[in-house]
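Read through the structure below, which is laid out as structure tokens, and then see the notes.
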């Protein structure tokens, strides 16, 4: 099956790094990798060199002594793992906690949130064990209510997280947020939850790559898989522009940039969504004081189409949000303008602050609105992990480890039921972006109502 793309080709230029703050501040962290240029073989081939694939490669090589190779279409960190906001935080679903309980029951929801806490701590553990300088910041996530009505919902969510799901969470009034965190035109109180921290996502991604290589994995950059077929003996043949890779087993770990046409079982299973980020020049002390900014904790707001933001180590301000639904250059520019206007509306004293960096990428949703981790039922030599709903730093790292342990031991791990399996295909999958546009329009209307 040929490779198909859902968005404009502008989003899939694998030879071109994004002009991001992360690329500009991680240049000294290199990765030892080269394109696949010959016919090779291995036990496990991983398609996708982001957090899922690199975590799996690290654990397969280090913990299970398995011959593993990673094929990445761009350079390591080209995709979402090098473009995101650097939030290592609980989440990973498109479902609010109370709906999660309604759909799956309290015990299964608790099981999932336990795995999220484990996932956050796994990132911290890997960084320490492998000597990765991730520039960690903060120790909690702040979810800010953008209206008084939204604050009532945040308080309900906090009770559920703390009382039913066992998460360390607390509510702060608008005055307490103003005194301890910041103030803005859209600040009506907040929920604080732990564990969470911010990091430099590209340094973490490249650190994972280097750790995997150091432990014995072979890394191939600029090696987009163009064809995927099976031989009579069940082995998988992966073809790139420069070579071929024969593997007994394959882990498909591509998330939002998934080339879903490569293998029939994956077509129509995901909904990639554009997310965009801008970063300012360093803020002065007076500018931070103007909005009482005094935290390094990552922050999100309670909108359905949320914004996410944080102060970086050099006092630059990162602000992100969801983007357009085409992927072309003009839509990209319009998205940046919309995001900057939103930031200025929330912090009017920063309206004159220059924007130094802007970039975009894709997050990945699934039809079940939960991560998808597992093994194909009709092809037991293929595993997968994707669908992190904007919380891939920890969830993808955790998924990669679970998959590595599954492949390495031959025994399925005790995955939370919420993440097991692919989930159903989107109906009329070619029309997915039309569904997305409708969903964005409805969510925007609901947000405007408070």
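The values are calculated or read from the model by the stated rules, or taken from the named source; none is laboratory data. Nothing here was measured: the structure is a model prediction, and the numbers come from that model. Cβ: placed from backbone, ideal geometry, glycine included. Neighbour counts: every protein chain shown.
Things worth noting here:
- Residue match in the range 55-70 (condition: surrounded by 23 or more Cβ atoms within 10 Å (Cβ to Cβ), assigned to a loop (DSSP other than H, G, I, E, B), touching a residue at least 60 places away in the same chain (Cβ under 8 Å) and on the phi > 0 side of the Ramachandran plot): no
- Test result for residue 376, surrounded by fewer than 24 Cβ atoms within 10 Å (Cβ to Cβ) and modelled with pLDDT under 90: no
- Flag: residue 245 matches the condition of being more than 25 Å from the chain's Cα centre (by Cα) and surrounded by 17 or more Cβ atoms within 10 Å (Cβ to Cβ).
- The condition of being more than 15 Å from residue 299 (Cβ to Cβ), at pLDDT below 95 and touching a strand residue (DSSP E or B) at 6+ places or on another chain (Cβ under 9 Å) holds for only one of 161, 165, that being 161.
- Taking the range 258-275 as the range and being surrounded by fewer than 22 Cβ atoms within 10 Å (Cβ to Cβ) and either in contact with a helix residue (DSSP H, G or I) (Cβ under 6 Å, 6 or more places away or on another chain) or at pLDDT 95 or above (or both) as the test, the residues that pass are 267, 268.
- Criterion applied to 216, 207, 166, 131 was being surrounded by fewer than 18 Cβ atoms within 10 Å (Cβ to Cβ), closer than 30 Å to residue 43 by Cβ and under 24 Å from the mean Cα position of the chain (by Cα), and the one residue passing it is 131.
- Subset of the range 84-114 [within 22 Å of the chain's Cα centre (by Cα), free of Cβ contacts under 8 Å to residues at least 40 places away in the same chain and not in a helix (DSSP H, G or I)]: none
- Filter pass, residue 141 being surrounded by 21 or more Cβ atoms within 10 Å (Cβ to Cβ) and within 13 Å of residue 89 (Cβ to Cβ): yes
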